[in-house]
Amino acid sequence: MKTKRSINFLILAAGVLFGLTLSAADSSRPNILWIIIDDMSANFSSYGETLIETPHVDKLASNGVMFTKAFVTAPVCSTNRSAFITGMYQTSIGAHHHRSGRVK
């Protein structure tokens, strides 16, 4: 019984130490918040929008990195979203005919 407790304690201690080393390594990594919104365009004040106020996004933008030149591999939102989610070109996965009525 005492041996079992000792083994459990050692396993717990090893887990805690392993967790501490992971958290120490994580603190050196950058903290990234990626905002992607479908069909919104750049309607944020930080991108020059004057009609819509977006103070919270503007604060994030002023303390971070903004994309000022972005390109997509498809001009249609659903095919572009398919590429973004899968990391593959639309033509590679057959997603380039979304809503076209063409069957491949």
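The values are calculated or read from the model by the stated rules, or taken from the named source; none is laboratory data. Predicted, not measured: the structure shown is a model, and the values here were computed from it. Every residue, glycine as well, gets a Cβ built from its backbone with ideal geometry; the counts of neighbours run over all protein chains shown.
Which of the residues spanning region 66-84 are surrounded by fewer than 11 Cβ atoms within 10 Å (Cβ to Cβ) and more than 19 Å from Glu49 (Cβ to Cβ)? Write out each step before concluding.
Step one: of region 66-84, the residues surrounded by fewer than 11 Cβ atoms within 10 Å (Cβ to Cβ) are 67-71, 75.
Listed by number, the residues that qualify are Phe71, Pro75.
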Note on Arg102: of the conditions (1) at pLDDT 80 or above; (2) exposed (fewer than 10 other Cβ atoms within 10 Å of the Cβ); (3) of a type in the set (Lys, Arg), unmet is (1)
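What about Ile52, is it among the aliphatic types (A, V, I, L, M), touching a Ser or Thr at 6+ places or on another chain (Cβ under 8 Å) and modelled with pLDDT of 75 or more? Explain how you work it out, then say what you get.
Values: among the aliphatic types (A, V, I, L, M): yes; touching a Ser or Thr at 6+ places or on another chain (Cβ under 8 Å): yes; modelled with pLDDT of 75 or more: yes.
Spelling it out, Ile52 is indeed among the aliphatic types (A, V, I, L, M), touching a Ser or Thr at 6+ places or on another chain (Cβ under 8 Å) and modelled with pLDDT of 75 or more.
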